[in-house]
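In what follows, a single structure is set out as structure tokens and then discussed.
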Amino acid sequence: MREHDIEDRDIFLDKQSGKNFERDKYQALKQCLREGDILYIHSLDRFGRNKDDILNEWQDITGNIKDDIVVLDMPLLDTTKYKDSMGTFISDLVLQILSWMADEERERIRKRQREGIDVALKNGKQFGRPKTEATEKFCRAYEKWKAGEITATAAMEEAGMKRTTFYKLAKEIEEQEKGA
């Protein structure tokens, strides 16, 4: 970006996934755009990964905001040049193809991810937080709390648990007692 004489204050570094445009840095950048600006993007797949979203954002920036876009790694995607009908046609065609490719890549990533998760689940891999069990310390603290001997906060401290975990286990015990 600096090779194009873009000042540091005008560079927006977006490290979030390009799967959608609900990214804080991207939204901040878009708010700063004023008619006649030039938006430099390193590559189209860093801009977005969903074909329709890419096309909609491109149209919003070039059509509604009336800015130009330059995709640095794809010279054909430079709206500051090729303003004749043939140039616009070629740019639009390249944009359609590349945004489709970005969308396909996103789908391939999701498919590989899903396949990996399925294999891991099949092999008994547990995802998420480990299930919290009612320990002996918890049971003693819970009984004292239910008997009114100590406060809930004191019972949590005695059990060595956070509030949500304590109440979750307490609820499970109470539901077991109702069912028994």
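Annotations
- When each of R110, R129, R106 is tested for being in the same structural domain as Y40 (by TED's automatic domain parsing), farther than 30 Å from D37 by Cβ and out of contact with any helix residue (DSSP H, G or I) (no Cβ under 7 Å at 6 or more places or on another chain), the lone residue that passes is R110.
- For region 7-33, taking the residues that are of a type in the set (S, T, N, Q) and closer than 17 Å to D53 by Cα, the one that is modelled with the highest pLDDT is identified as Q27.
- Residue within region 77-85 that is at pLDDT below 85 and part of a helix (DSSP H, G or I) present: yes
- The set of residues from region 60-98 being surrounded by fewer than 16 Cβ atoms within 10 Å (Cβ to Cβ) and among the small types (G, A, S) comprises G63, S85, G87.
For every residue, the table says whether it meets (1) of a type in the set (A, V, I, L, M, F, W, C); (2) in contact with a Cys (Cβ under 8 Å, 6 or more places away or on another chain); (3) surrounded by 11 or more Cβ atoms within 10 Å (Cβ to Cβ).
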| position | (1), (2), (3) |
| --- | --- |
| R112 | no, no, no |
| A120 | yes, no, yes |
| F127 | yes, no, no |
| C139 | yes, no, yes |
| Y142 | no, no, yes |
| E158 | no, no, yes |
| F166 | yes, no, yes |
| A170 | yes, no, yes |
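The values are calculated or read from the model by the stated rules, or taken from the named source; none is laboratory data. In this text the structure is predicted, and so the values were computed from the model without any measurement. We place every Cβ from the backbone using ideal geometry, glycine too, and count neighbours over all the protein chains shown.
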